[in-house]
Each structure stands twice: as structure tokens, then as C-alpha cells.
There are 2 protein chains.
Amino acid sequence: MKKRISKRRATRRPGIGRLALFGVGLIGGSLALALKRKKAVGCVVGVGRSRANLLVARRLGIIDEIAADPAAAVKHADVVVIAVPLGQTAAAMAQIAPHLEAHTIVTDAGSTKRDVIAHARRYLGHAFARFVPAHPIAGTEKSGAGAAFASLFDGHKLIVTPEPATDPRAVKTVTTMWKLAGMHVISMPAADHDRVFALVSHLPHVLSFALVNQIAGYADASALFKHTGGGFRDSTRIAGSSPEMWRDVCLANRDALLAALDDYLGELERVRGMLEASDAQGLEQCFTAARDARARWLKPQ
Amino acid sequence: MKKRISKRRATRRPGIGRLALFGVGLIGGSLALALKRKKAVGCVVGVGRSRANLLVARRLGIIDEIAADPAAAVKHADVVVIAVPLGQTAAAMAQIAPHLEAHTIVTDAGSTKRDVIAHARRYLGHAFARFVPAHPIAGTEKSGAGAAFASLFDGHKLIVTPEPATDPRAVKTVTTMWKLAGMHVISMPAADHDRVFALVSHLPHVLSFALVNQIAGYADASALFKHTGGGFRDSTRIAGSSPEMWRDVCLANRDALLAALDDYLGELERVRGMLEASDAQGLEQCFTAARDARARWLKPQ
């Protein structure tokens, strides 16, 4: 008996028969490639705004089919992954809601979670219990299907933020899918997620965009950029990220980001005060604290 | 006749007989290694505060001799390179001034130039004409002789900021030395240098230190750092830089840095205003401008 169960486990495919992908960009496309790498998905059907991008995705083997419309995409789908920019999440949910089958699980890959959950509650109706809010913490500053690659998620973290109403079996399916794509899974409340990522991700992006814009705004911008070194380049790498995506993230997580930004402005004003007062000891303590914190917590990967 | 001159040129060693190095850290040490790689230096003698660091430097073949004192270090030196933290530059100049020989050329590697020139004018006396203010634009966040490597300067820029009183032959010797170490040489007025590097280097360092300190200041700092991704890590790599060096840079270039910081605070307040007003169009324009500027001016190296 024991043996039979083991055998059944060993031969059971842990994957997904049919996966519908809303948005075949860096994240959605890389998820498809990561699952295909593990033979953990049968058929991937893609939907998106740009026909050209979908054709690229099919040519690259990221998706197997291009759906004619959202209704066709979700038909017979075991899992629907919404990986569109945050600003289009609500519309995607509204489009699929009437066509979802009773067994279909829906998840997303948005960088904020409270607003996505609010949309899901509003638009998914009964299917809300089978919606698993998720955020894969991986990415590059590139976008589009052409930027996707199978190892994007390897060793990185997936945050899931299930609500009390969320079906644990749906959570299990989604976390299994992302584990197969290479991720470690962490669960936390949506509000905690939004504060944490306002601080460690959304704020640094805003700071990076602002720094590039400042330099670009001077009359001798071209000469200034020529003198930038590795420090400036590293600090502003993320200013190459998708403006549309980051507009949506900022708006979706506005309150937490404003709080993070105000704390940062306070920190900068503190350093400014030391500089104005030529406070050598204060500046050195400040820089030493930062260097030590970085050494303690940000060990080289 | 023509042939003889060519032959003489070909056999003449383009390098330096005796190089005195004040401060054998990342910059000074890497310069010594870069010149030795090209067999462009006879003997490198090192002086510094830390005997342990000098012993490491000698063991690693960075320096050939450890000088007993500054007077001994500069004796018979063809070139003296001052590569100490900016705050010690004036003291180093005061120590060597009485012992400099008539042919000895002095240069520095400081990240700011107006203050270094003011020190040189005050302390070097007649030798001021043979002082060449210079700034090699290269580095890592590491420090000490153990961090030095021969290729640090390859393909990077050296800025020289000679004064009207500077002997052009001294400039020639110093620029030749750094070219042998792998650098391209650019000349500009010291005030221009200080403004440019306040913007593209000193400001990003301050921003990076402040971001790490902000996160480190929260009660759940440890959890927050665990959730940082590649963007945060890149943005804060330079927060690992030497606190002492950056304290000195900030103080030496205080006025230009305050102006740069105030412009940045203005830029951040502008973005903050858009965020508070949920100005989607403004945010997207702002992020698009930054992404485009970066794509236009910061081509991948």
C-alpha cells in the first residue's frame, strides 16, 4: 500500500495543465519559461495589449497559443496569472470574472497587494476565495517578452498575502507553481508587504528616477553624464525601469510610499544640517553607521 | 640624425625612477601596481599611518620600501603622490615641503580640487609650481592596500586641474604617469571639477548612506534588509565606502555639495507633490524622462 502511494506520487505531474497568462512581459514570460524548463505546465495561452509582443512570445516558445479574447484565454484554465501593469489589474479581473470555471485559480504578480486585493474583492465575485495575491521579488530594469528568461526567479522570494477568505488549497497550488519556478515562498499580511516594499523597493526607484532627472535638468547635462562613474551608474540602474509600471506602483502604494519618502527627506535634512554646520564627527558617525548596517545585513549575494 | 633620435626615444624608459607614495590604500596601491605592470617605475617607497597596512603593501609587492619618515620618503623622489584621505592632505604637504628636491614633482589623487589647491598654495611654497592637482575617477567601495589591483584605472578618466602657476612640464610628467597606469586624461578648471563631482559622485554617495541609515533606523530593520532586492543593493553599494574618506570629501566640497543636495531635495519634493496629488500623468512623464535620459547618456559600459 505504502509503495503504491509512493509510486503514484513519483509519477504524478506536479504542474499545471493549462495556464492563462495575462501580460506576457518580463515577469509573466519568465514564469512560463521557468515552468516549461521543469516540464511543469502543459499549455500556456497568452493575452495582452500588444499583438507584436505576443507574436514575439510565441516565436520564443514562451507561450503556446495566443488567445482571441480574455474569455477564450481562461476557458479550461487551471491557473490564471495576471502579470499586467498594476493599473490594468482591475480591468483584467473584470474581463475574466464572468468566464472563470469553478476550479480555476487566479493569482497576480503585482508589486503592491492591498490595492490588488481590493480590486479582486470587487471584481472577482465568488472567485475571490480562489484568488491568491502574490508578488515575486525578482526583476530587471528591462521589460517585454523579449526580456524574459527562465532563471529570473531562481533563489528569489515570492511573497503571498492571503486573506482570511482565501482557500488554502488555492494558496497551495500557487505556491507550488512558484516553487517550481525556483522561488522561496514567504507569507505575510498585505499591509506589512506594502510597507516593506515601499521602503526597500518603491522608494529606491523614486530616488533613482529623481537623481537622473536632476542631472538631466542642468544645461551641461551631457558633460555631467560623461563624468559619471560606477557609483552613479549603480545608483541609477533602476531608473531604466518601466515608467508605466512604476507610475502604477507609486499610485497603488501611495500612502506607504509617501510615509517612506517623508522619512527619507527627514534623513537627508539631517545630513544636510551636519554638512552645513561642517560637523565632521556627525558625518563620519552617519557614514559609519550606514557602512556597518550594510556590512551586517546586506552580505554579498 | 633622425634615426638616432628615434632610437633614443625607443630605448628611453618613459617611467619614474623613484616614486614616493603617501597613503598606500586602494588608489595609491593600485597606481603602484599599474606602473609596475608596465615596468614604468623603478622604486616605490611608501609612507602611511598604519604600519600593518604598509607591511601588507610590501608583502604584496605594491611598495619596495617603507620610509622611516616623510623626509626620508621624498629624498631623491622624482614624483611624490599624495593619496591620503583629503583631511590629511594639508598635513602631508606641510611634512614634505621642507624636504622636496628642486626636481621633485608633487601630485595628489583627491576627490576635490579647490581645497587641495588652497592647501598646496599655503604649504608647498616654491614647490607649488611643481604641484599638479589630479583626480583619478576610479575606485571601489573597498579600502586599504589589500584592496589594490593593477587594472583599477584601465580605461577610466584622470582629471587634472592645473593652475596658471603650474609648470606645464610637471603636468606632462603626471599625465604621462597616469596614462601609463591606463587612464585617459582630461583637464578642466578646479571649480568646474568640484561642481561636476559634487553632482555625479559626492551627492549619490550621500543619498546612498542616507537610504541605508533610514532602513537601519526602523525597529524591524533586520526583516526589511532581508526583503531588499537587486535594486536596493545596487543603489546602496557605495554606502560601503570609507566613512572617513567621504566625511573629508563632503567637508572639502561642502558648498558645491550643499547646492547639489538642495537641487535634489527640490527634485524629490516635486515628485512628492505629484504623488500626494495622485498625478498619474506627471509621475509617468517624470519617470519616462529619467529612463530616456539614462538610455541616451548612460550607455552600458
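The values are calculated or read from the model by the stated rules, or taken from the named source; none is laboratory data. All values derive from a computational prediction rather than experimental measurement. Cβ atoms come from the backbone with ideal geometry, glycine included; neighbour counts cover every protein chain shown.
Quick one: which of A:Lys172, A:Lys157 is without any contact (Cβ under 8 Å) to a residue 12 or more places away in the chain, on the phi < 0 side of the Ramachandran plot and not assigned by TED's automatic domain parsing to the domain that holds A:Asp248? Steps first, please.
Values: A:Lys157 fails: without any contact (Cβ under 8 Å) to a residue 12 or more places away in the chain.
That would be A:Lys172, the only listed residue that is without any contact (Cβ under 8 Å) to a residue 12 or more places away in the chain, on the phi < 0 side of the Ramachandran plot and not assigned by TED's automatic domain parsing to the domain that holds A:Asp248.
Restricting the first residue to the stretch B:263-277 and requiring it to be more than 7 Å from chain A (Cβ to nearest Cβ), which pairs with a second residue that is buried (at least 20 other Cβ atoms within 10 Å of the Cβ) meet a Cβ separation below 9 Å and a spacing of at least six or different chains?
So the pair list comes out as B:Gly266/A:Gln214; B:Arg270/A:Ala210; B:Arg270/A:Asn213; B:Arg270/B:Cys286; B:Met274/A:Cys250; B:Met274/B:Leu283; B:Met274/B:Cys286.
With respect to A:Pro204, is the statement that it is touching a Gly at 6+ places or on another chain (Cβ under 6 Å) and either closer than 20 Å to B:Ala221 by Cβ or more than 8 Å from every other protein chain (Cβ to nearest Cβ) (or both) true? Before you say what the answer is, go through the steps one by one.
Numbers: touching a Gly at 6+ places or on another chain (Cβ under 6 Å): yes; either closer than 20 Å to B:Ala221 by Cβ or more than 8 Å from every other protein chain (Cβ to nearest Cβ) (or both): yes.
The answer is yes for A:Pro204.
Rundown of residues vs (1) surrounded by fewer than 15 Cβ atoms within 10 Å (Cβ to Cβ); (2) farther than 21 Å from A:Asp263 by Cβ, yes/no style:
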residue	(1), (2)
B:Leu224	no, no
B:Thr228	no, no
B:Gly231	no, no
B:Arg237	no, yes
B:Asp262	yes, no
B:Gly282	no, yes
B:Arg296	yes, yes
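Within the bounds of the stretch B:216-227, is there any residue that is more than 7 Å from every other protein chain (Cβ to nearest Cβ) and either at pLDDT below 95 or within 17 Å of B:Gly110 (Cβ to Cβ) (or both)?
Yes: the stretch B:216-227 contains one or more residues that are more than 7 Å from every other protein chain (Cβ to nearest Cβ) and either at pLDDT below 95 or within 17 Å of B:Gly110 (Cβ to Cβ) (or both).
In the stretch A:242-261, how many are facing chain B (nearest Cβ under 8 Å) and without any contact (Cβ under 8 Å) to a residue 12 or more places away in the chain?
Count: 3.
Quick one: how many residues across the stretch A:21-45 are over 19 Å from A:Leu86 (Cβ atoms) and either in contact (Cβ under 8 Å) with a residue 60 or more places away in the chain or within 19 Å of the chain's Cα centre (by Cα) (or both)? Even if it seems obvious, please write down each step before you answer.
The initial filter retains those residues of the stretch A:21-45 that are over 19 Å from A:Leu86 (Cβ atoms), namely A:32-45.
Remaining after also requiring either in contact (Cβ under 8 Å) with a residue 60 or more places away in the chain or within 19 Å of the chain's Cα centre (by Cα) (or both): A:32-38, A:40.
Selection size over the stretch A:21-45: 8.
Within the stretch B:147-168, track down each residue that is surrounded by fewer than 16 Cβ atoms within 10 Å (Cβ to Cβ) and small (Gly, Ala, Ser).
B:Ser151, B:Gly155, B:Ala165
Determine whether A:Gly182 is more than 8 Å from chain B (Cβ to nearest Cβ) and buried (at least 16 other Cβ atoms within 10 Å of the Cβ). Break it down into steps so the answer makes sense when it comes.
Values: more than 8 Å from chain B (Cβ to nearest Cβ): yes; buried (at least 16 other Cβ atoms within 10 Å of the Cβ): yes.
For A:Gly182, the condition - more than 8 Å from chain B (Cβ to nearest Cβ) and buried (at least 16 other Cβ atoms within 10 Å of the Cβ) - is met.
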